[in-house]
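Down below is the structure, laid out as structure tokens.
The values are calculated or read from the model by the stated rules, or taken from the named source; none is laboratory data. Since we're looking at a predicted model, the values are computed, not measured. Cβ placement follows ideal geometry from the backbone for every residue including glycine, while neighbour counts extend to all protein chains displayed.
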There are 6 protein chains.
Amino acid sequence: MTTVALTADPEADPRVKAVFDDIRATRKSDFVNNLWHYLAFDPGLLESTWAEVKAVMAVPSELDPLTKEMLYIAVSIANSCTYCVHSHTAAARAKGMTDELHADLLRVVTLASKTNALANGLQLPVDPEFEADR
Amino acid sequence: MTTVALTADPEADPRVKAVFDDIRATRKSDFVNNLWHYLAFDPGLLESTWAEVKAVMAVPSELDPLTKEMLYIAVSIANSCTYCVHSHTAAARAKGMTDELHADLLRVVTLASKTNALANGLQLPVDPEFEADR
Amino acid sequence: MTTVALTADPEADPRVKAVFDDIRATRKSDFVNNLWHYLAFDPGLLESTWAEVKAVMAVPSELDPLTKEMLYIAVSIANSCTYCVHSHTAAARAKGMTDELHADLLRVVTLASKTNALANGLQLPVDPEFEADR
Amino acid sequence: MTTVALTADPEADPRVKAVFDDIRATRKSDFVNNLWHYLAFDPGLLESTWAEVKAVMAVPSELDPLTKEMLYIAVSIANSCTYCVHSHTAAARAKGMTDELHADLLRVVTLASKTNALANGLQLPVDPEFEADR
Amino acid sequence: MTTVALTADPEADPRVKAVFDDIRATRKSDFVNNLWHYLAFDPGLLESTWAEVKAVMAVPSELDPLTKEMLYIAVSIANSCTYCVHSHTAAARAKGMTDELHADLLRVVTLASKTNALANGLQLPVDPEFEADR
Amino acid sequence: MTTVALTADPEADPRVKAVFDDIRATRKSDFVNNLWHYLAFDPGLLESTWAEVKAVMAVPSELDPLTKEMLYIAVSIANSCTYCVHSHTAAARAKGMTDELHADLLRVVTLASKTNALANGLQLPVDPEFEADR
């Protein structure tokens, strides 16, 4: 159950088809996941979202592709986004995340969640040593 | 301003001193940051917190130390923890995070925050292709 | 699956019936959604919740009814509340939200989520120009 | 620095004075904290907020007053509300929370934050045994 | 649907069996809930998680067992953790939480969520009277 | 105190100058707030962030400019972003938000925060009537 209706034949719209084609070409896969199918309800939002995801996630940069997926998982867990935890865990696994690495990722994310709560509970003053401008 | 009083001479307590000594030895630095100073109000909580942080962050594992710090930053941003964003950004920088890498990290974290909101807004059904048990 | 049992015949309790009657009268509809059915497990909590929702959402005020629903959606997305995103998106649609407006709403909410993460990541000092007391 | 201007002489408004008087009488103290001073910018919002806080926090109910304050702290930590963590920690201390109890509270709240992240990361199916309606 | 595969015969691994046995002995029940079954994908993570949950939740301390469960519910609601809200509400009920107490808990948690948003919206300065070090 | 150093003379970089010039021209004001000054540490991130903020917030669309600012405030409160609550409250005020409207906005945002917690606490099933695809 979603908040927008699924478009029956989304690729009948050439703007949607262009995005779907680019997703398939960029990912070298025929699979287009639900996010894009549902975003087809507004081609402009579909286009801008894909352009941004492609620029950040598919273009080589300082961070390697697997690390990007793990960071994505970390944020999605903290924001309690069911769809995103599923989709980015699957993506991380496709990029080589083993069960051992997954467990290690969960160890860091859950510890961070814990000490975030601790620091918020103590309302700690930030150490001047952490200042970027020193 | 914090929610617990700072202990005047925390290392007068041998349990606190043992933890502070181990922090200094593990990190090869004389600097003990505020989290540990304020946690000294309860030596048991200080000990269990440090034991866990050391086990996850200081013991070699699948994830390299810099990636762990970046994951920590990602979670801390999502949880809006001022102290943790500062302390782990400083730690990541000490472990080699350049401005370029920091910007790349922020690009992934902010994009994830954006699509988390999008997926929550659309209430997307999870694709069966993401199933771990397939 | 919920955390409280559904009451078999909730309107047998006159306090519950009075609230359900007022919901139907206020909304000019026979439909009473699940929130109220499940809240019937505690008539006092049902009464206080409905009184507050009615006072804020059903009484004319500065904000028009559709804008109120869109604000409700925005908060519910950020808080990751599945039920609330569904119920208030349906309410906004019933009050005239088109697909175009829905997409525009999602554009603002997702951008805000993104720059929230950016500002939290940078830990920006607040500009003195923003001071309400100037 | 706040988002609303502080009213110079708030109790010149009889509606504000009535609320402040009731706060002082209910709490048996001359101290009226900042929340109420700033809420004086809108007497209606001040009245409804105080009425609700009084009904839940000051009227005897199933939960004892100290437990209510600790629950308030737990939620405020998770929601990263600086003002609320401070005000309710002070209130809990005034109602008898010792350092030992404070540490115990933090142990539960931080563990919950950790396993929340773990369950969100694993996307666990809810056990049918937890069903309230069984 | 989860992000890790369920292990077919988890107790064939002696480390998993030892944890499951301790869960059953500690809780005096044959029921081992899904969290532990899915954590069996990484015995080390299973062991450290259970050790921590046992130390905080099953060992007598300042807070009584039911209050701990209610604090856990409060945090889990704020963090929007579906699994955790279900599991800890069931646990609280098993420890004596009545419908009346459950309603009272929800009254405090929802009021805290409300005034958290209010304080964040007003960006209130913390009263010096709340200072722990005074 | 921030996590990135402030650039001494940011507009010496022509890419930064171009963005700052466009901010001033778009907003018809000489004031460039801290977000942009600190983002100057990475001109690419500055450019992409401004392009997106301009496209969503400064280009006429379905939502009027003041409603956009109020939605931004709502999300920023829920995400506990200090800088964003301040900057967008100031922007909303500059676009005509009165104290009365501000109070009304806070009434909706705080009620939504409350019922979000209530729905998460009850784990309500979504009513089939809310289905977008009906």
#### Entry: Boolean, E:A78 is facing chain D (nearest Cβ under 9 Å), buried (at least 24 other Cβ atoms within 10 Å of the Cβ), over 21 Å from C:T2 (Cα atoms) and not charged (D, E, K, R)
no
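Of the residues in region A:53-75, how many are hydroxyl-bearing (S, T, Y) and either closer than 20 Å to F:W50 by Cβ or more than 10 Å from chain B (Cβ to nearest Cβ) (or both)?
Selection size over region A:53-75: 1.
I need the full set of residues from region C:114-134 which are of a type in the set (D, E, K, R) and within 30 Å of D:T7 (Cα to Cα), in order please. Reasoning before the result, please.
Step one: list which residues in region C:114-134 are of a type in the set (D, E, K, R), which gives C:114, C:127, C:129, C:131, C:133-134.
Across region C:114-134, the qualifying residues are C:D127, C:E129, C:E131, C:D133, C:R134.
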What about C:V108, is it out of contact with any Pro (no Cβ under 8 Å at 6 or more places or on another chain), on the phi < 0 side of the Ramachandran plot, among the hydrophobic types (A, V, I, L, M, F, W, C) and more than 7 Å from chain F (Cβ to nearest Cβ)?
no
With the first residue restricted to region A:37-48 and required to be within 13 Å of A:P14 (Cβ to Cβ), and the second required to be surrounded by fewer than 19 Cβ atoms within 10 Å (Cβ to Cβ) and at pLDDT 95 or above, Cβ contacts under 7 Å at 6 or more apart or on different chains are A:P43/A:D13; A:P43/A:R15; A:L46/A:W36; A:E47/A:R15
For region C:62-75 the number of residues that are surrounded by fewer than 19 Cβ atoms within 10 Å (Cβ to Cβ), in contact with an Asp or Glu (Cβ under 7 Å, 6 or more places away or on another chain) and not acidic (D, E) is 0
Pairs returned, first residue in region B:19-30 that is on the phi < 0 side of the Ramachandran plot, second residue that is of a type in the set (G, A, S), beta-carbon separation under 7 angstrom, 6 or more apart or interchain, are B:T26/B:A58
* When you look at D:F41, is it hydrophobic (A, V, I, L, M, F, W, C), in contact with a Leu (Cβ under 9 Å, 6 or more places away or on another chain), at pLDDT 95 or above and in the same structural domain as D:P14 (by TED's automatic domain parsing), yes or no? -> yes
- Is it true that D:A18 is more than 17 Å from D:A91 (Cβ to Cβ) and within 16 Å of the chain's Cα centre (by Cα)? no
inquiry  = Against the definition (surrounded by 24 or more Cβ atoms within 10 Å (Cβ to Cβ) and under 23 Å from D:C84 (Cα atoms)), how does F:A103 come out, yes or no?
reply    = no
A:S87 meets each of (1) under 30 Å from D:A119 (Cα atoms); (2) at the interface with another protein chain (Cβ under 7 Å from one of its Cβ atoms); (3) surrounded by fewer than 20 Cβ atoms within 10 Å (Cβ to Cβ); (4) among the polar types (S, T, N, Q) with one exception, condition (3)
Taking region B:1-29 and keeping only residues that are under 29 Å from D:C84 (Cβ atoms) and within 14 Å of chain D (Cβ to nearest Cβ), one is left with B:M1, B:T2, B:T3, B:V4, B:A5, B:L6, B:T7, B:P10
Within region A:23-43, the residues that are in a loop (DSSP other than H, G, I, E, B) and either in contact with an Asp or Glu (Cβ under 9 Å, 6 or more places away or on another chain) or among the aliphatic types (A, V, I, L, M) (or both) are A:F31, A:V32, A:N33, A:A40, A:F41, A:D42
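Any residue that is basic (K, R), in a helix (DSSP H, G or I) and touching a Pro at 6+ places or on another chain (Cβ under 7 Å) - is there at least one of those in region E:10-22?
Yes, the conditions are met somewhere in region E:10-22.
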For region D:79-111, the count of residues that are within 21 Å of E:D127 (Cα to Cα) and hydrophobic (A, V, I, L, M, F, W, C) equals 8
Note on region B:36-52: residues under 16 Å from the mean Cα position of the chain (by Cα), among the hydrophobic types (A, V, I, L, M, F, W, C) and within 12 Å of chain D (Cβ to nearest Cβ) are B:L39, B:L46
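Return the residues of region F:95-123 that are in contact with a helix residue (DSSP H, G or I) (Cβ under 7 Å, 6 or more places away or on another chain) and farther than 22 Å from D:E52 by Cβ; say none if nothing qualifies.
Residues of region F:95-123 in contact with a helix residue (DSSP H, G or I) (Cβ under 7 Å, 6 or more places away or on another chain): F:95-97, F:103, F:105-123.
Scanning region F:95-123 gives F:K95, F:G96, F:M97, F:Q123.
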Exercise. Evaluate the following for E:V19: is it touching a Phe, Trp or Tyr at 6+ places or on another chain (Cβ under 6 Å) and modelled with pLDDT of 95 or more?
Key: yes
Residues of region A:82-134 being hydroxyl-bearing (S, T, Y) and more than 19 Å from the chain's Cα centre (by Cα), in sequence order, are A:T115
